[in-house]
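This report concerns only the one structure given below.
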Amino acid sequence: MTSIQRLASFAAIGAVSTIAYLALYSLLRGAMTPAPANAIALVLTAVANTAANRRLTFGVRGSDGLARDHAVGLSAFAIALAITSAAVALLGRLDPGAGRAIELAVLAAANVVATGCRYLLLRRWLGGRAGVVRGIAVLDDGMPAAELAVRIESPR
């Protein structure tokens, strides 16, 4: 997959995730304050987002590295939670009576920033799944000739 295709896939998954996040937030916001509504909506969409990007954007399949990949997703979630929580808290200070539409617009904008951070983090971790195999080249008489590093591209 080219970088442009990868970015397009990530953007499409991000758009669906953002719509789901805003819908969940709106539903939850009727029953609770912004902070818990934000956290719950984010955690529910972040797990699905990481799974979708792992498979569709970065071509990683199977359970090998699944826990590590979701740990990176958790880091991305923490960044997103910090950004969106700060945005909604700042809105509460600047305009305590802001309507739900303004709240959702601020959260959507904050989510775009968080998505950029998520892409950089996941691209670095999942997109760089290529490994390095190191070994020793040996001459016919069994003497080491040189250390060898061969880049092996992970199957996608």
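Exactly one residue among Leu94, Leu90, Leu148 is modelled with pLDDT under 95 and either of a type outside the set (Phe, Trp, Tyr) or under 25 Å from the mean Cα position of the chain (by Cα) (or both), and that residue is Leu148.
Is it fair to say Arg6 is touching a Lys or Arg at 6+ places or on another chain (Cβ under 8 Å) and touching a residue at least 40 places away in the same chain (Cβ under 8 Å)? In short, yes. Of Ala37, Ala46, Ala31, Ala101, all but one fail to be over 21 Å from Leu122 (Cβ atoms), aliphatic (A, V, I, L, M) and touching a Gly at 6+ places or on another chain (Cβ under 9 Å); the exception is Ala37. Taking Leu7, is it part of a helix (DSSP H, G or I), under 22 Å from Ala109 (Cβ atoms) and at pLDDT below 90? Taking the combined requirement at face value, the residue satisfies it. Screening the candidates Arg93, Arg68 for the property of being closer than 21 Å to Gly30 by Cα, of a type outside the set (Ser, Thr, Tyr) and loosely packed, with under 12 Cβ neighbours inside 10 Å yields one hit, Arg93. Between Ala37, Ala105, Ala46, the distinction of being modelled with pLDDT of 95 or more and touching a Phe, Trp or Tyr at 6+ places or on another chain (Cβ under 7 Å) belongs to Ala37 only.
For region 13-68, a residue qualifies if it is touching a residue at least 12 places away in the same chain (Cβ under 8 Å), not small (Gly, Ala, Ser) and not in a helix (DSSP H, G or I), and the qualifying residues are Phe58, Val60.
The values are calculated or read from the model by the stated rules, or taken from the named source; none is laboratory data. None of the values given here were measured: they were computed from a predicted structure. A quick note on method: Cβ atoms are made from the backbone with ideal geometry, for glycine too, and the neighbour counts reach across all protein chains shown.
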